[in-house]
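The structure under discussion appears below in the form of structure tokens.
The values are calculated or read from the model by the stated rules, or taken from the named source; none is laboratory data. Given the structure is predicted, the values throughout are model-derived calculations rather than measurements. No Cβ is skipped: glycine too gets one built from the backbone with ideal geometry, and neighbour counts run over all protein chains shown. Please note that ligands, DNA and RNA were not included when accessible areas were found on the heavy atoms of the full protein model with its side chains. Shrake-Rupley method; radii C 1.70, N 1.55, O 1.52, S 1.80 Å.
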Amino acid sequence: MNSKKLFASALLSFLLSQTLAAQEHDHHSHAGSGATHQDHLTHSDHADHHNDEGDAGADTSNSTHPVMTHTDAISDALAEGGEPIVADVLGVVCDFCALAMNKIFGQREEIAAVYVDLDTKALNLVLIPGATLSDETIAELAVQAGYRVAAVRRGEQALGSAT
Amino acid sequence: MRAFLAGLLLLPLLFSAHTPARPVSYTGGWTFIEESDRQMSSALVHYTPAPSWSIGLRTEVNRESEYAVASIHPTFLAKRWFDRDYQGNLYIHGGIGRASGIRGNTLGEETAMYGGIMADWETRSLFAGYRSRYLDAGHFGDQFMHAARLGFAPYEGDSGDLHTWLMLEIDHRPEDEDAVTATPLVRLFKGPLLLEMGYNLTVNQPLLNFTYRF
């Protein structure tokens with residue numbers, strides 16, 4: 001086996017071992033994309049209780065938090081009485097990112113409407129009336145989409161009408 | 001619909017390794033990627049079981065050396081960097097399969113394997129990417145290539161809008177007569193569709209890449 005074949009074999013072996021390791025990691029911790037589960041939950045906990053600190057330097061002070069973007073579907077779902085949720089998401093810079101979030105969140109039965117606003121880098125959700133969706137679940141779903149939630153706001157805070 | 005899908009599958013045979021957008025999708029997502037460059041045409045269908053890796057089936061046709069490679073193609077997302085305004089990714093990709101002669105090539109079949117890295121960094125208006133690959137197709141030959149891209153978006157589209165990027169790709173294939181070539185291209189994004197159209201100015205070959213995310 002020449003050196004090039006050896007190189008290719010080693011690289012392929014590394015790739016397969018990393019893939020299998022990633023599968024094991026994902027299975028056990030549901031984390032991926034280079035973000036650790038602990039980082040993620042810690043961050044979500046902050047967002048849930050304190051709403052003050054974003055990961056990777058994200059600015060999450062109340063004065064700069066994006067508020068809910070009103071599409072037709074969002075407005076209709078709000079009119080039905082669903083709970084509004086706005087989550088700041090890190091790394092959402094393209095339409096494929098938005099598509100991933102829409103696919104993952106759109107298949108949840110608790111969610112009546114979903115919209116990813118690339119301008120505000122925010123995931124806008126409206127739940128069906130009476131449904132609940134924890135911050136931890138939202139953070140986990142974002143990981144499944146390949147991204148990370150920096151903060152979650154609900155109700156009046158999400159709508160920007162909190163005093 | 002069948003004609004449309006057949007057309008998609010035949011596209012790589014008309015044209016031909018570039019930096020695919022998001023070679024690992026969301027959990028449960030399927031992606032079809034066609035790529036063409038000055039030497040090869042390829043088609044890849046991959047499934048993403050978890051956000052850190054994907055697995056697919058890939059076929060590529062080397063138009064110059066007249067052989068094809070059918071392979072299993074895993075991609076591992078080694079690292080993703082996040083911030084509010086950017087995303088960076090480092091991928092390791094590879095594959096193993098069978099190479100076979102085409103168009104009268106009587107060299108038979110041979111085991112083929114390849115591997116390399118991909119990296120990209122992207123904001124809503126700036127893009128930089130790099131990809132390398134080493135392919136060993138046995139008696140059909142081996143090849144190393146790497147390519148870098150820079151791009152910018154003249155405007156920032158929102159979800160569902162048509163996104164437009166203007167890019168320049170420089171690729172280097174040390175063993176080729178034209179080792180370094182330049183390809184300006186346009187990338188168009190809309191929803192699950194991505195289309196790239198360009199032209200290699202050095203060797204006068206078109207570039208056509210297409211991605212559909214299910």
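For the segment B:50-63, counting C-beta atoms of other chains within 10 Å of every residue's C-beta and taking the mean gives 4. Note on B:Lys190: aspartates and glutamates with a C-alpha under 15 Å away, same-chain residues under 8 apart excluded, are A:Asp95, A:Asp117, B:Glu156, B:Asp158, B:Asp161.
Neighbours of B:Asp120, meaning other residues whose beta-carbon lies under 11 angstrom from its beta-carbon, give a summed charge of +3 when Lys and Arg score +1 and Asp and Glu score -1. The listed peptides B:67-74, B:182-189, ordered by packing as a protection proxy, come out as B:67-74, B:182-189 (highest mean of other Cβ atoms within 10 Å first). How many angstrom lie between the C-alpha centres of segment B:138-179 and segment A:89-107? Centre-to-centre (Cα) distance: 24 Å.
Taking all protein chains as they are arranged and a probe of 1.4 Å, the heavy atoms of A:Thr132 leave approximately 110 Å² accessible to solvent. Between B:Phe152 and B:Leu193, the simple label model (points 7 Å from Cα in the Cβ direction) yields a spacing of 2.8 nm. In this simple spin-label approximation, B:Ala128 and B:Val180 carry label points 7 Å from Cα along the Cα→Cβ vector, and these lie 1.8 nm apart. The loop-placed trypsin sites (Lys or Arg not before Pro) in segment B:73-151, going by DSSP, that have at most 13 neighbouring Cβ atoms within 10 Å of their Cβ come out as B:Arg103.
Each residue of segment A:134-143 was assigned a 3J(HN,Hα) from its phi angle through the Karplus curve 6.51 cos²θ - 1.76 cosθ + 1.60 (θ = phi - 60°); the sequence is 6, 4, 5, 5, 4, 5, 5, 5, 5, 4 Hz, with glycine and proline shown as x. Take each residue of peptide B:71-83, count the partner chain Cβ atoms within 10 Å of its Cβ, and average: the result is 6. Projected label points at B:Ile102 and B:Asp85, each 7 Å from Cα along the beta carbon direction, are separated by 4.5 nanometres.
Using a 1.4 angstrom probe on protein heavy atoms only, the contact between B and A buries about 4200 square angstrom of accessible area, both sides summed. Sorting A:Asp88, A:Asp72 by solvent-accessible area of protein heavy atoms yields A:Asp72, A:Asp88, largest first, with a 1.4 Å probe. Per-residue shielding of A:131-143, expressed as the average number of other chain Cβ atoms within 10 Å of the residue Cβ, stands at 1.
With a cap of 11 neighbouring Cβ atoms within 10 Å, and only residues DSSP puts in a loop, list the trypsin sites (Lys or Arg not before Pro) found in segment A:114-159.
Sites meeting the loop and neighbour criteria: none at all.
Only helices enter the 222 nm calculation for chain B: every DSSP H run of n ≥ 4 contributes -39,500 (n - 2.57), and dividing by all residues gives -2000 deg cm²/dmol, rounded to 500. Rolling a 1.4 Å probe over the protein chains gives A:Glu136 an accessible area of about 60 Å².
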